[in-house]
Amino acid sequence: MGHVYIPGLKVAEYELVRKSRVLPLKGEVVVKEGDFVEPDTIVARTFLPGAVQAINVAGMLSVDPEDVLMYMKKKQGDSFSKDEILAESKGILGLFKTQIKAPFKGSVENVSNITGQVILRAEPVPVEVKAYIPGVVSKIFPEEGVEIETWATFVQGIFGVGGERFGTLKLLVENPEDVITDELIDGTCEGKIIVGGGMVTSSAIKKAEQVGVVGIVVGGVEAQDLTQYLGYDIGVAITGSEDIPLTLVITEGFGHIPMAQKTFSLLKKYDGHQASMNGATQIRAGVIRPEVVIKQDEPSDEIKQKSTGQIAGIEIGSMVRVIRVPYFGKIGKISALPAELQQLESETHARVCEIEFDDGTKAIVPRANLEMIEE
């Protein structure tokens, strides 16, 4: 039987999840291999060099560059506090002195008697990397970071915005097609990752932000509502670094699209459980998908064997989602994989699949228009 290699989304109740948590530059790893960590556990830290600012002391004090050192209260290498006097003129009879105060806390990097400029450097900026998911530290990358491993329920989405967050799952609807409206959101949603069905409204997103929701997982969202919430159009670059107080993971696509039954059932099953989520998305080369991770106890050997098996590609019986009109967003099973090329409505020829949808209807769809759902 032939295999078809197409992109896939993973929706699995048991998945061995591994996450590398690495610093942007070398620093210190503060956990050991074998340690159990929580999502907010700091696993590594470092310091980024502080910002640099040049001050024209000679010009501000109206002195010659070669005389700047005479007027400096702080020498090269000295540290200083914000608003501390860095340099001071002699004034007239000791009065009417001109003072130059530090714009921030830092140190004197350099004093030039050629240009009359003084280079200031702000304090180093601490950078801490947290675990993001609960699990065991399985590897140490000396001075760089760690790898964390855990068994989890793992759900990937189509698109997302917002960074890494964690909280308790709270299901707000009964069915995969139900919409999250602002009436469903109240104070009990504070600190929660709320789960909906087919869509979340613009007013609900705003209400969620107001009450302190940390994340939203839903089947779809209107593109204009997302643009309105962010204040700008989403481009083709990676998302996940938006300056917003919550993370949004869309599992199906744009518009009102019911959440896939398997995805909804899993999230409903683990309602009330702790979860981690990340909206980072990249749809070009080096695909990154938004995700929801729900920690599980270590499963049986039988489940482990099934979960760690390599998926070579789709075949008859495989679950897929159509990612182009006219069947956009529909999920079904592969019922046939014709080997020969077939002519499409555009009069081009391509390899196709026959898909049987949940309602029993069938359709012929180009293989390039499919996305695999890994189970």
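Coordinate-derived values only; no laboratory data. Note that this is a predicted model, so its numbers are computed, not measured. Here the Cβ is made from the backbone with ideal geometry for all residues, glycine too, and neighbour counts use every protein chain on show.
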Which order results if Leu341, Leu230, Leu246, Leu370 are arranged by neighbouring Cβ count within 10 Å, fewest first?
-> Leu341, Leu230, Leu246, Leu370
Using a Gaussian network model of the chain with C-alpha springs under 10 Å, which one of Ala122, Ala131, Ala54 is most mobile by mean-square fluctuation?
-> Ala54
Considering every pair of different Cα atoms, what Kirkwood radius, in Å, is found for segment 132-197?
-> 15.0
Near the amide H of Gly191, under 5 Å away, which other amide H atoms are found, from residues 5 or more places off or on another chain, if H is placed in the peptide plane?
-> Val213, Val214
Across Val173, Val161, Val293, the residue with the highest GNM fluctuation in the chain (Cα network, 10 Å cutoff) is Val173
Which value, in nm² and rounded to one decimal, describes the direction-averaged projected area of the C-alpha convex hull of segment 80-133?
-> 5.5
Here are some pairs, Lys192/Lys306; Lys26/Lys139; Lys268/Lys330; Lys130/Lys262; which of them have Cα atoms lying more than 24 Å apart in this structure?
-> Lys192/Lys306; Lys130/Lys262
Paramagnetic reach from Ile364 (point 7 Å along Cα→Cβ, amide N under 19 Å) across segment 315-329 | 316-317, 322-328
List the relative contact order of segment 314-374 as a percent without decimals, with contacts defined as Cα pairs under 8 Å and 6+ residues apart.
-> 35
For segment 200-352, count the residues as N, evaluate 2.2 N^0.38 Å, and divide the Cα radius of gyration by that value, please.
-> 1.26
Taking the Cβ of each residue in Ser300, Ser112, Ser318 as the centre, tally the other Cβ atoms inside 10 Å and list the residues starting with the fewest.
-> Ser300, Ser112, Ser318
Can you list the residues, at least 5 places off or on another chain, whose amide H is less than 5 Å from the amide H of Asp178, using H built in the peptide plane?
-> Gly197, Gly198
Given Cα pairs under 8 Å that are at least 6 residues apart, what percent is the relative contact order of the chain?
-> 19
Amide H to amide H under 5 Å from Phe104: which residues, 5+ apart in sequence or cross-chain, H placed 1.01 Å off N in plane?
-> Asp83
Inverse of <1/r> over all distinct C-alpha pairs of segment 76-221, i.e. the Kirkwood Rh in Å, gives 20.9
Please give every one of the aspartates and glutamates within straight-line cross-link reach of Lys170, meaning a C-alpha to C-alpha distance under 14 Å, and leave out same-chain neighbours fewer than 8 residues apart.
-> Asp186, Glu190, Asp271
Taking N as the number of residues in segment 1-139, what value does Rg over Cα atoms divided by 2.2 N^0.38 Å take?
-> 1.82
For the chain, what D do you get in µm² per second when you plug the Kirkwood radius from alpha-carbon pairs into Stokes-Einstein at 10 °C and 1.306 mPa s?
-> 65
Ordered by fewest other Cβ atoms within 10 Å, a rough proxy for footprinting exposure, Met70, Met60, Met372 read Met70, Met60, Met372
Ranked by GNM mean-square fluctuation in the chain (Cα springs under 10 Å), the top entry among Glu109, Glu144, Glu15 is Glu109
